[in-house]
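These notes are about the structure you will find just below.
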Amino acid sequence: MTEAFIDIRRIEKRFGQVTAVQATDLTVGSGEFFSLLGPSGCGKTTLLRMIGGLEVPTAGAILIDGKDISRLPSYRRPTNMVFQSYAIFPHLTVGENIAYGLKRRGLKEAERRREAERLLEMIRLPGFADRRPDQLSGGQQQRVALARALVLKPKVLLLDEPLAALDKKLRENMQIELRRLQREVGITFVLVTHDQEEALTLSDRIAVMQAGRILQCSTPRELYERPSSHDVAGFVGEMNFLPGRVVSAGVERVTVDVPGFGCLTVPPGAARPEKGEAVTLALRPERLALVREAKDAPSFAVRASTYFGNRTLYQLELPGLERPLSVFHANDLQRAQEVFEPGALVGVLPDAGAAVLLPARSLTNSV
Amino acid sequence: MSRLRKAYVVLYLALLYLPISFIPLFAFHDSVYISFPWRGFTLDWFAGLFEAEGLLGALENSLIVAAIASVSSTVMATLAALATARLRFPGRQAISIALLAPIALPTVVIGVALLSAFSLSGVPLSLGTVAMAHCLFCTPFAYGVMLSQFRGLSGDLEQASMDLGEPPVRTFFRVTLPLAAPGILSSLMLTFTVSFDEFILAFFLSSNSPTLPVYMWSQMRFPDKLPLVLALATLVILFSIVAVVGSQLLRRQGRRRPATASQEG
Amino acid sequence: MFRSQTASAYLLLSPVIVTVILALVGCLLLLVVASFGTQSYLDFDFGFSLASYDQVIESAGVRKLMLRSAGIAAVVSLLSVLLAYPVAYFVAFDVSHNRLFWLIMLTLPSWISYLLRVLSWKLILGYKGVVNSGLEGLGLISKPLEFLLYNPTSVAIALAHAWAPFAILPIYVSLQRMDRSLIQMAGDLGDGPFRSFLRVTLPLSLPGVFAAFVLIFIPTFGDYVTPQLIGGPSGVMIGVYIAMQFGASNNIPLGSALAIATMVLASLIACLFVLGTKRLVRAMR
């Protein structure tokens with residue numbers, strides 16, 4: 001675990017009766033690309049703004065590089081923010097925008113111009129210094145906002161849903177750009193997003209938030225393959241939740257009886273369950289294989305299928321459950337020929353080793 | 001249906017401007033009396049303005065009062081609009097309404113209220129009392145302009161400036177003021193015009209130093225002075241038009257924002 | 001940002017609060033106090049006497065003036081609003097390009113000196129005015145018409161002309177803010193253009209209509225310039241009478257009481273109108 005560069009201790013934000021961020025602890029390492037992921041209203045933007053000094057915490061402390069900055073206004077913090085609306089100054093040129101924060105540092109005009117040019121090269125907009133903001137497209141404005149913050153070499157760069165307003169193709173390109181830039185300058189990035197794919201692609205670590213609390217904080221792979229709760233499991237990617245009862249519980253493995261599947265042996269979860277306890281197995285749709293002949297494999301009827309080009313999503317009827325079983329069937333060389341019609345019985349081979357053991361929860365209100 | 005509406009609007013405009021257009025029309029009329037058809041064209045009345053007794057004095061008074069009223073009301077309104085548009089605090093709605101409400105009050109009531117206050121507290125009536133009254137009267141107008149100006153500009157810009165290192169006062173001068181400048185200019189022009197044209201408060205509170213409208217009023221009771229009044233009125237109307245159009249165009253320009261995100265890279 | 005927002009806000013607001021809010025409220029309160037005073041010729045005393053209010057309520061003359069003022073103000077406001085509505089509708093819905101041009105053209109007259117606009121009506125309706133000399137010149141009349149000026153009707157006409165443009169802007173703003181898709185939805189659900197206007201557009205634009213009405217009604221109620229200039233003895237309105245108490249008639253308590261009564265009455269009537277119209281429109285649905 002990297003040393004805490006940003007150390008957030010029991011931070012809390014209340015607006016009157018509403019608690020936007022509940023007492024939360026968080027650490028971010030130096031040079032890390034860290035994301036705050038969650039649905040609208042979960043408190044991620046409030047948390048970001050508290051780090052940047054744009055919101056005052058109701059309780060708690062924030063330390064950056066060992067120094068307590070909790071009481072400092074935004075203009076005295078070693079952080080800079082890229083706003084969701086970009087907030088480019090319309091009355092200044094692109095170059096003047098980028099060099100805006102340098103004036104206070106006493107740089108002469110020639111030096112400021114040079115720095116602006118350097119950043120324009122970095123964001124791949126050379127020669128744009130004399131353009132006016134209303135002549136730029138959305139993506140270009142976004143890069144200028146980025147450059148304006150980076151030129152000040154902050155200890156932490158905060159990004160508030162920077163790619164939200166861009167269309168899909170542009171967003172993907174900008175994601176690559178962002179990652180490249182972060183690696184190049186080595187600054188700690190904290191990104192806020194509601195797009196889980198974006199978080200998974202860009203981040204070294206992700207904190208999933210909901211209703212003001214952090215549900216889980218780990219690497220993208222950990223988050224995707226070992227979610228710690230129903231909410232996290234359901235929020236990031238597609239997930240199957242299968243009810244079951246524990247048959248035997250060991251240190252290395254647990255055997256669960258799942259209706260329709262029989263006994264499955266899965267890795268143990270966070271807490272060792274009791275024999276006979278009701279549990280839920282979370283299994284990703286791509287961790288189930290479909291076979292035409294179903295000899296020993298459990299079989300289910302196809303309810304519906306959706307074609308995604310490189311794969312097909314099949315929804316199969318599970319006995320006694322409302323929600324169907326989701327299975328991703330790759331349309332690769334071998335299997336592209338297999339198409340299963342609605343109503344047909346298909347054999348399913350689960351990859352039990354990839355299942356996540358979670359406590360039981362009423363499946364009617366899981367995500 | 002919309003063509004019908006357009007015709008209606010054109011008719012409406014014509015009827016709106018027709019009565020006012022008679023003033024410049026008869027300002028050039030070669031006769032002390034109004035009559036149809038016209039008797040002849042003359043510029044005598046305009047020339048006569050320079051010799052009219054008390055006219056230049058009244059004009060000077062109006063300019064002084066208007067200058068004081070426009071500057072002070074704009075400054076106060078700008079600070080107030082900054083507060084109500086950008087900050088969250090209890091009583092915000094109430095104060096905003098209270099600042100705009102005086103526009104709906106009968107001016108006579110405001111006039112007699114101020115008159116009573118001044119006379120009962122022993123303050124003699126003068127140009128100063130008129131200036132104070134106009135200051136009060138013009139502020140709601142200035143506030144309306146500045147409020148819409150600040151509402152149209154994103155608060156993010158000031159936050160961004162502070163995030164980039166500039167403390168609040170420097171942010172005000174580097175970002176807020178330049179962006180609000182068209183609105184401020186517009187407000188100055190508008191309040192200047194409002195004060196310049198204002199009659200009732202000036203009438204009640206000016207005593208020996210009349211403003212231009214008060215002067216015009218006093219001349220209106222003399223039938224032979226009518227053409228002179230018309231000539232003066234024509235110039236005032238011209239001035240008002242220029243000031244108001246300029247102010248509106250500036251206001252439009254001040255709300256210009258950078259293009260919202262488009263689809264190119 | 002780190003001092004309380006409330007403190008910063010009130011600091012910025014302090015000049016305006018003192019100059020506008022406190023000063024105005026203070027002066028109005030003074031009027032209220034003065035209305036309870038007594039006056040004997042040139043001497044004014046503070047006191048507690050209901051004599052002025054007695055006069056206000058009892059006097060038939062005052063009642064007549066109030067009624068006339070209310071009547072004229074009501075006619076002027078209603079007329080202004082009705083005439084302005086199609087104009088506002090036009091600019092909000094039928095114009096897409098030169099909106100600013102139309103708005104400037106329409107609101108410009110309201111910024112030209114009020115005094116001058118009333119003066120223009122004197123030119124038109126006067127004894128030797130445009131109408132009279134025109135009709136005489138055409139041979140339609142032998143003597144100038146005297147009834148054109150110096151009566152309540154001429155006051156109402158001049159007021160309507162002067163205040164009409166003030167009705168346009170509030171209604172326009174209200175219409176422009178409307179969600180256009182609501183009208184389309186009404187159409188989808190089977191309403192013809194007129195019905196969708198009655199059931200969707202009109203109710204949603206009511207705030208603007210009310211604002212326009214109140215904006216015109218209250219100041220017109222207490223107007224001074226127009227009745228004084230072209231009202232004559234039969235066209236006197238309450239504003240003129242109030243001013244007289246502070247001038248020639250020198251009866252400050254009465255003047256104050258009248259001013260307060262005027263404000264209260266005008267606001268009351270405006271409120272009643274707003275509530276009444278709301279009920280009416282709701283019933284029409």
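The values are calculated or read from the model by the stated rules, or taken from the named source; none is laboratory data. The shown structure was predicted, so the numbers you read here are calculated from the model rather than taken from an experiment. Cβ atoms come from the backbone with ideal geometry, glycine included; neighbour counts cover every protein chain shown.
Observations on the model:
- Selected residue (criterion: farthest from B:SER70 (Cα to Cα)) from residues of region B:191-230 that are in a helix (DSSP H, G or I) and away from chain C (no Cβ under 12 Å): B:ASP224
- B:PHE46 vs. criteria of a type in the set (Phe, Trp, Tyr), surrounded by fewer than 16 Cβ atoms within 10 Å (Cβ to Cβ) and on the phi < 0 side of the Ramachandran plot: no
- The criterion of at least 2 residues that are at negative phi and without any contact (Cβ under 8 Å) to a residue 40 or more places away in the chain is met by the following helices (runs of 4 or more DSSP H) wholly inside region C:155-259: C:180-188, C:193-196, C:202-221, C:238-245.
- Of the residues making up region A:222-264, just one is touching a residue at least 24 places away in the same chain (Cβ under 8 Å), of a type in the set (A, V, I, L, M) and surrounded by fewer than 16 Cβ atoms within 10 Å (Cβ to Cβ), namely A:VAL247.
- Criterion applied to B:PHE137, B:PHE172, B:PHE199, B:PHE141 was being surrounded by fewer than 21 Cβ atoms within 10 Å (Cβ to Cβ) and aromatic (Phe, Trp, Tyr), and the one residue passing it is B:PHE172.
- Subset of region A:157-199 (residues that are assigned to a helix (DSSP H, G or I) and among the acidic types (Asp, Glu)): A:GLU172, A:GLU177, A:GLU184, A:GLU197, A:GLU198
- Test: residue in region C:105-116 that is more than 10 Å from chain B (Cβ to nearest Cβ), part of a helix (DSSP H, G or I) and in contact (Cβ under 8 Å) with a residue 24 or more places away in the chain: no
- Selected residue (only one of A:LEU48, A:LEU26, A:LEU92, A:LEU102 is in contact with a helix residue (DSSP H, G or I) (Cβ under 9 Å, 6 or more places away or on another chain), aliphatic (A, V, I, L, M) and under 21 Å from A:LEU200 (Cα atoms)): A:LEU26
- Members of region A:100-114 that are more than 10 Å from every other protein chain (Cβ to nearest Cβ) and surrounded by 20 or more Cβ atoms within 10 Å (Cβ to Cβ): A:ARG112
- Qualifying residue in region A:11-23 (condition: out of contact with any Lys or Arg (no Cβ under 7 Å at 6 or more places or on another chain), on the phi > 0 side of the Ramachandran plot, modelled with pLDDT under 90 and of a type outside the set (Phe, Trp, Tyr)): yes
- Residues being surrounded by 17 or more Cβ atoms within 10 Å (Cβ to Cβ) and at the interface with chain B (Cβ under 7 Å from one of its Cβ atoms) - total across region C:11-36: 13
- Any hit, region C:37-47, residues being in a loop (DSSP other than H, G, I, E, B), crowded, with 16+ Cβ neighbours inside 10 Å and within 8 Å of chain B (Cβ to nearest Cβ): no
- The single residue among B:LEU188, B:LEU179 that is under 14 Å from A:HIS91 (Cα atoms) and part of a helix (DSSP H, G or I) turns out to be B:LEU179.
- Once region A:139-154 is narrowed to residues that are touching a strand residue (DSSP E or B) at 6+ places or on another chain (Cβ under 6 Å) and surrounded by 24 or more Cβ atoms within 10 Å (Cβ to Cβ), the residue that is farthest from the other protein chains (Cβ to nearest Cβ) is A:LEU146.
- Odd one out for A:THR219 among (1) surrounded by 15 or more Cβ atoms within 10 Å (Cβ to Cβ); (2) under 15 Å from the mean Cα position of the chain (by Cα): (1)
- Test result for C:TYR89, among the aromatic types (Phe, Trp, Tyr), on the phi < 0 side of the Ramachandran plot, under 23 Å from the mean Cα position of the chain (by Cα) and within 9 Å of chain B (Cβ to nearest Cβ): yes
- Residue check for A:GLN17: farther than 30 Å from B:PRO178 by Cα, away from every other protein chain (no Cβ under 11 Å) and touching a residue at least 24 places away in the same chain (Cβ under 8 Å): no
- Against the numbered list (1) more than 17 Å from the chain's Cα centre (by Cα); (2) within 22 Å of C:MET263 (Cα to Cα); (3) of a type outside the set (Val, Ile, Thr); (4) more than 11 Å from chain B (Cβ to nearest Cβ), C:LEU204 comes up short only at (2).
- Which listed residue, of B:ARG256, B:ARG251, is surrounded by 19 or more Cβ atoms within 10 Å (Cβ to Cβ) and either at pLDDT below 85 or under 29 Å from C:GLY255 (Cβ atoms) (or both): B:ARG251
- Positions within region C:94-125 being surrounded by 18 or more Cβ atoms within 10 Å (Cβ to Cβ) and of a type in the set (Lys, Arg), in sequence order: C:ARG117, C:LYS122
- Among (1) more than 26 Å from B:VAL112 (Cα to Cα); (2) at pLDDT 80 or above - the single one C:SER133 does not satisfy: (2)
- Qualifying residue in region A:257-266 (condition: part of a loop (DSSP other than H, G, I, E, B) and farther than 24 Å from A:PRO227 by Cβ): no
- Helices (runs of 4 or more DSSP H) lying entirely in region B:1-118 (those with 2 or more residues that are more than 7 Å from chain C (Cβ to nearest Cβ) and modelled with pLDDT of 80 or more): B:2-27, B:55-86, B:92-100
- As a summary of the residue check, B:GLY165 satisfies the conditions (1) assigned to a loop (DSSP other than H, G, I, E, B); (2) more than 7 Å from every other protein chain (Cβ to nearest Cβ); (3) surrounded by 18 or more Cβ atoms within 10 Å (Cβ to Cβ) except for the one numbered (2).
- Filtered residues of region A:70-84 (kept if surrounded by fewer than 21 Cβ atoms within 10 Å (Cβ to Cβ), within 8 Å of another protein chain (Cβ to nearest Cβ) and touching an Asp or Glu at 6+ places or on another chain (Cβ under 8 Å)): A:TYR75
Residue-wise test of (1) within 14 Å of chain A (Cβ to nearest Cβ); (2) over 25 Å from B:LEU99 (Cβ atoms); (3) touching a Gly at 6+ places or on another chain (Cβ under 8 Å).
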{"site": "B:SER121", "(1), (2), (3)": "no, no, no"}
{"site": "B:VAL130", "(1), (2), (3)": "no, no, no"}
{"site": "B:CYS135", "(1), (2), (3)": "no, no, no"}
{"site": "B:ALA142", "(1), (2), (3)": "no, no, no"}
{"site": "B:VAL145", "(1), (2), (3)": "no, no, yes"}
{"site": "B:SER161", "(1), (2), (3)": "yes, yes, no"}
{"site": "B:ARG170", "(1), (2), (3)": "yes, yes, no"}
{"site": "B:LEU179", "(1), (2), (3)": "yes, no, yes"}
{"site": "B:SER187", "(1), (2), (3)": "no, no, no"}
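- Qualifying residue in region C:231-239 (condition: within 11 Å of chain B (Cβ to nearest Cβ), surrounded by 20 or more Cβ atoms within 10 Å (Cβ to Cβ) and touching a Leu at 6+ places or on another chain (Cβ under 6 Å)): yes
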